[in-house]
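*Asks:* My structure is below; once you've seen it, I'll send some questions.
Just so it is clear, none of the values below were taken in a lab; they were calculated from the coordinates. Owing to the predicted nature of the structure, the values given are computational and were not obtained by experimental measurement.
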Amino acid sequence: MIDKKIIAYLGRTPNFETEVKLQDDGDGVVYIAEWNATDKPKPTDAQLDALSSQATTLENNAKIDAKRQTEYLSWQQQFEMIYKDQKNGTTTYKDHCDKVRSDNPKG
């Protein structure tokens, strides 16, 4: 979850290979091993802890996004729905998207 706290702290997703390197020494505690982001100084543990609720929201929304992606169908199927909607004056595609979103609401 530290990655989501860092994203909340920076207001963007950093490159976790070059800008912010995380490390787990095998004890399950992940920490910042290297901070190379230039837009903000390295956060303290207290600053990151204060972002827990935002990080939880980001984590939950990422899970919802992944679930939505599987339910939206393939791009080919989506284009077929759009084509048929334009040809027939229907709203099948919009209705499908609305249902996926209502079935998987974000926080």
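*Asks:* Kindly write out, for segment 44-50 in residue order, the coupling ³J(HN,Hα) from the Karplus curve 6.51 cos²θ - 1.76 cosθ + 1.60 (θ = phi - 60°), rounded to whole Hz, with x marking Gly and Pro.
*Replies:* These are the phi-based 3J(HN,Hα) values: 7, 4, 5, 5, 5, 4, 5 Hz.
*Asks:* How much space per residue, in cubic angstrom, does the convex hull of the C-alpha atoms of segment 51-97 take up?
*Replies:* Here the figure is 69 Å³ per residue.
*Asks:* Quick one: work out Rg over Rh on the C-alpha atoms of the chain, Rh as Kirkwood radius.
*Replies:* Here the Rg-to-Rh quotient is 1.18.
*Asks:* Specify the inter-centroid distance of segment 69-97 and segment 47-62, based on alpha-carbon positions, in whole Å.
*Replies:* 33
*Asks:* How about Lys67: which lysines have a C-alpha closer than 30 Å to its C-alpha, ignoring those fewer than 8 places off in the same chain?
*Replies:* The qualifying lysines are Lys4, Lys5, Lys21, Lys84, Lys87, Lys94, Lys99, Lys106.
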